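Below is one structure, written out as C-alpha cells; comments come after it.
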C-alpha cells in the first residue's frame, strides 16, 4: 500500500493533468479503501498503524507545498477521505474476470511447473 501511495504521490505532484488524474485514481481505488478497511480492524499491527499514519501525514504535508490551484482543489477533494473514513462506506472494485479457457491454461501451466519441480504429477487439470 505504501508503494502505491508513493506512486500516486509522484504522479499527483508531477502537475501533468493525465498523471494527476492517474494518481487520484490510485488513491480513490486502492489506497483510500485500504486505509478505511484497516482503520476498522481492532487487531491491526503497530507496523500497519505506522504505515497508515505515514500515508496520512504525507498528504497533509502536501498542503504546505506550493502547487497550482487545480492541484489544491483536487487535494482538497480527496484529503478528507484519506484522513477520516469512519463515516464512509468502503467500496472495492471487483477483480478482473478470468475467462474459463484462461483459467484452464493457468492450471495447465501450474501443473507443468509442479511436475518439473517435483518430477511427479501432483496437479491434474480436468
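Considering only region 42-69, state which residues are at pLDDT 90 or above and not in a helix (DSSP H, G or I).
45
Regarding region 2-21, can at least one residue be identified that is in contact with a helix residue (DSSP H, G or I) (Cβ under 6 Å, 6 or more places away or on another chain), surrounded by fewer than 18 Cβ atoms within 10 Å (Cβ to Cβ), in a helix (DSSP H, G or I) and without any contact (Cβ under 8 Å) to a residue 12 or more places away in the chain?
The answer is yes; a qualifying residue exists.
The values are calculated or read from the model by the stated rules, or taken from the named source; none is laboratory data. In this text the structure is predicted, and so the values were computed from the model without any measurement. Note: ideal-geometry Cβ built from the backbone for every residue, glycine included; neighbour counts use all protein chains shown.
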